[in-house]
Amino acid sequence: MAVPNGPLRETGFRFDLLEVQSYLLVASDPGVLPPGDGPVRPSDLGELLLIIGQPGTGMRRVADAVLAGTRCRIAVEIEHREALLPLVLAGVGVAVVADSWRPLAVSAGLAVRSLETDESLHVGLVTTDSRPGPAAAAMLDVGRRWVADRDAG
């Protein structure tokens, strides 16, 4: 489960954090993004066209904040996130994505830059407060090993 800006706060559940992700901008060409290599401030985005997903997601919440604080406009609103990278590749607009999209965006040949934002996405495994059963315990172990292996390599 992914939770915006902090761990799950619902009672009766336990949230085992696996990672905290930041947000990125992806574009078909680096020249579309502000100059430089560091994180992009939303105020430097000018009048970019954004490809946005449906309301209720972290990526949409961050994109909405960018839209509210800049002169950026919506190029297209997508129903399915599978359409996002093909639209970016086609030059339709720029997209705000979670950091987990970085490897796929880079392998597709997109320009990728960190977005300066206070928003984050906490990714973890959710179980009930009670002791997890064997299957849930095994899944928690797999998740923890995946994070450890990823961070080590």
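The values are calculated or read from the model by the stated rules, or taken from the named source; none is laboratory data. Because the structure is predicted, anything quoted here is derived from the model rather than measured. No Cβ is skipped: glycine too gets one built from the backbone with ideal geometry, and neighbour counts run over all protein chains shown.
Here is the figure for the range 112-153: residues that are within 18 Å of Ala98 (Cβ to Cβ) and assigned to a loop (DSSP other than H, G, I, E, B) total 5.
For the range 1-46, taking the residues that are acidic (Asp, Glu), at pLDDT below 95 and not in a strand (DSSP E or B), the one that is nearest to Val94 (Cα to Cα) is identified as Asp37.
Determine if the range 82-105 includes at least one residue that is part of a loop (DSSP other than H, G, I, E, B), in contact with a Gly (Cβ under 8 Å, 6 or more places away or on another chain), farther than 30 Å from Asp149 by Cβ and aliphatic (A, V, I, L, M). Checked the range 82-105: no residue is part of a loop (DSSP other than H, G, I, E, B), in contact with a Gly (Cβ under 8 Å, 6 or more places away or on another chain), farther than 30 Å from Asp149 by Cβ and aliphatic (A, V, I, L, M). Of all positions in the range 57-75, at least one carries a residue that is assigned to a loop (DSSP other than H, G, I, E, B) and modelled with pLDDT under 95. For the range 123-149, the set of residues classified as out of contact with any Asp or Glu (no Cβ under 8 Å at 6 or more places or on another chain), under 25 Å from Gly58 (Cα atoms) and of a type outside the set (A, V, I, L, M, F, W, C) consists of Thr128 only.
Where residues in the range 27-77 are in contact with a Gly (Cβ under 7 Å, 6 or more places away or on another chain) and under 16 Å from Ala98 (Cα atoms), which of them is surrounded by the most Cβ atoms within 10 Å (Cβ to Cβ)? Selected residue: Ile51. Of the candidates Val123, Val147, Val106, the single residue that is surrounded by fewer than 17 Cβ atoms within 10 Å (Cβ to Cβ), closer than 15 Å to Leu17 by Cβ and of a type outside the set (S, T, N, Q) is Val147.
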